[in-house]
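Each reported figure results from applying straightforward, stated rules to the coordinates on display, with no laboratory input. Source: prediction; values computed, not measured. Note that we place each Cβ from the backbone using ideal geometry, even for glycine, and neighbour counts take in every protein chain shown.
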Amino acid sequence: MKIKFTQGELKKQRDALRQYERYLPTLQLKKQQIQLEILHQQSALRERERSISEKRRSAEEWSGLLPEVPGIRKWLKPESVVIGKRNIAGVDIPVFENVHFEPALYDLFLMPLWLDAGLESLRELVSLQEEIRVVEKGISVLNHELRITTQRVNLFEKVKIPEAKEAIRLIKIYIGDQMTNAVGRSKIAKNKIEQSGFEEVAS
């Protein structure tokens, strides 16, 4: 780092240090908030994964009956997935809201009795899968932002602030030395003047 040993540079470095020290707590707070949100989202993800495992187990009891309704897949394909967003420490993350399915239109007399309950259960599974996808995406966004924020915190803590402090220290030493030298030189000059004045009087 190149620095100029001047009063102007000293002011510049002091201003920079104040700015870094003012901005660092904001970054540290952001890092903390993101870390907490990642833990919260990971907990939500584990809960959804448990739910999906339970639903799959309960579906196993009647999943062997699915071949009786060959067209069931078209009723399980989401028409749309509604995703909102939430802001965490300046970062927008996706939030799952719901899934819309195409209405299942079929003849109740021709279809098996289990179809209504089975279709509802399978749609819940599909919804959970979509929700898991959205939560995973949110965690990915937060992890990316956490990496960037951590790099910035480290840059300020380990590089910028120590550099500015060291620059201030060196400039102050240099300016102090210059002032000491100037005082020394003026004393020598004063002594010379006094000496020459004394010599003139003596002669």
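Observations on the model:
- The lysines within cross-link reach of residue 74, meaning a Cα-to-Cα straight distance under 22 Å and a gap of 8 or more places when in the same chain, are 55.
- Checking the Cα-Cα distances for 2/192; 4/158; 4/187; 31/85; 2/187; 31/160 against a 30 Å cut-off, the pairs over it are 2/192; 2/187.
- Working note: 222 nm ellipticity from helices only, DSSP H runs with n ≥ 4, each -39,500 (n - 2.57), summed and divided by the residues of the chain, gives -26000 deg cm²/dmol to the nearest 500.
- Distant-in-sequence amide H partners of residue 98 (H built 1.01 Å from N, under 5 Å): 82
- Projected label points at residue 95 and residue 73, each 7 Å from Cα along the beta carbon direction, are separated by 3.5 nanometres.
- Cβ-placed point charges (K, R +1; D, E -1), dipole of the chain about Cα centre in debye, nearest 20: 1660 debye
- Among 181, 154, 143, residue whose mean-square fluctuation peaks in a GNM of the chain (springs only between Cα atoms under 10 Å): 181
- The stretch 104-143 and the stretch 147-187 have Cα centres separated by 62 Å.
- Spin-label proximity, residue 46 to the stretch 133-156 - amide N less than 20 Å from point 7 Å beyond Cα toward beta carbon: 133-143
- Selected from 26, 150, 180 as most flexible by GNM, with the chain as the system and alpha-carbon contacts under 10 Å: 180
- Calculated FRET efficiency for the pair residue 55/residue 102, C-beta based, R₀ 22 Å, to 0.05: 0.60
- Note on the chain: Kirkwood hydrodynamic radius from all Cα pairs is 23.9 Å, rounded to one decimal.
- Across the stretch 91-132, the volume of the C-alpha convex hull divided among the residues equals 60 Å³ per residue.
- Using a cutoff of 8 angstrom between alpha carbon atoms and counting only pairs six or more residues apart, the relative contact order for the stretch 73-132 works out to 36 percent.
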